[in-house]
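Engineer: I'd like to ask you about the structure that follows.
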Amino acid sequence: MEETISIKDFFKTLKKRWKLIMLLTLIAALISGTISYFLLTPVYQSSTQILVNQKESKNQLDSTQIQSNIAVINTYSVIIKSPAILEKVINDLELEQSVDQLSHKITITSQENSQVFSLTVQDSNPSKAAEIANAVSGTFQKEIKDIMNVDNVSILAKAEIKENPTPVKPSPILNIAIAVVVGLMAGVGLAFLLEYMDNTIRDEKDIETLLDLPLLGSIEKISQHK
């Protein structure tokens, strides 16, 4: 006989196992909060803006020039994260990290149809993040003249150190919210699993449901009198 669950049974199970559900949810939130606030290292970021001064033949950019700008920015993005630039930055700032490690801290983003792109650096130290961002952009501006024999890079905005920097990750509130949802789902799932595995007969309905037998009658509880 195929078993089905009604809305009434659904809420009955939730009511019956609500302590288990809340316990798992609380445990998940506490674990996530502990990891986010006390174990994970805060990461800060700082950005610079760089302009690629492509020469324009008209007052407005045509499609060919737009594609050219995109190609140039893509090329520059690779050059910025190359050993030719990053090794000089590491030596100048005396950083104790490899080119690959420094490269993973750098992100290049550009707006569509724009000659401006942003260079963002993430680091556990907000001051160091700004220092590295400025060093990378400055070194790139100098070295690109020799690498590609061009002088078309300008730094629009340098990275600045904020008075009260806020880490970009981890995000404790978001992590805890996700943990609460996961814990709640796990609790509900476990509650229904335990309910499915529970074959205890408690009332007349359980006899019909578990044994698939009709109820012929019932005997009231007989109290014992001394």
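Engineer: Relative to the present Cα-Cα distance, how much length would full extension add between Asp100 and Phe192 at 0.36 nm per residue of separation?
Structural biologist: Working: separation 92, 0.36 × 92 = 33.12 nm, distance 4.84 nm.
Value of the extension gain: 28.3 nm.
Engineer: If you plug each phi of the stretch 106-118 into the Karplus form 6.51 cos²θ - 1.76 cosθ + 1.60 with θ = phi - 60°, what whole-Hz ³J(HN,Hα) values come out, in order, with x for Gly and Pro?
Structural biologist: 9, 10, 10, 10, 9, 7, 4, 6, 10, 9, 10, 9, 9
Engineer: Quote the FRET efficiency, to the nearest 0.05, computed for Ile161 versus Ile27 with a Förster distance R0 of 41 Å and r equal to the Cβ-Cβ distance.
Structural biologist: Step by step, r from the Cβ atoms, then E = 0.60.
Engineer: Quick one: which residues, 5+ away or cross-chain, put their amide H under 5 Å from the amide H of Asn125? H built at 1.01 Å from N.
Structural biologist: Result for Asn125 returns Tyr44.
Engineer: Given Lys142/Lys162; Lys16/Lys169; Lys142/Lys169; Lys15/Lys169; Lys19/Lys169; Lys88/Lys158, which pairs have Cα atoms separated by over 29 Å?
Structural biologist: Flagged as over cut-off: Lys16/Lys169; Lys142/Lys169; Lys15/Lys169; Lys19/Lys169.
Engineer: Each residue of the stretch 148-158 in order: what ³J(HN,Hα) in whole Hz does its phi give by Karplus 6.51 cos²θ - 1.76 cosθ + 1.60, θ = phi - 60°, with x for Gly and Pro?
Structural biologist: Each residue of the stretch 148-158 in turn: 10, 6, 9, 9, 10, 10, 10, 8, 7, 9, 7 Hz.
Engineer: State whether the stretch 88-163 is rounded, prolate or oblate according to the following rule on the C-alpha gyration tensor (a ≥ b ≥ c being the square roots of its eigenvalues): a/c under 1.5 gives rounded; otherwise a/b larger than b/c gives prolate, and the remaining case gives oblate.
Structural biologist: Cα axes put the stretch 88-163 in the oblate bin.
Engineer: Still on this structure: Can you compute the modelled spin-label distance between Gln141 and Ala71, with each label point 7 Å from Cα toward Cβ, in nm?
Structural biologist: 2.7 nm
Here, each number is a calculation from the coordinates, and none is a lab measurement. This structure is a prediction, so every number in the text was calculated from the model and none was measured. Cβ coordinates were reconstructed from backbone atoms using ideal geometry, including for glycine residues, and neighbour counts include every protein chain displayed.
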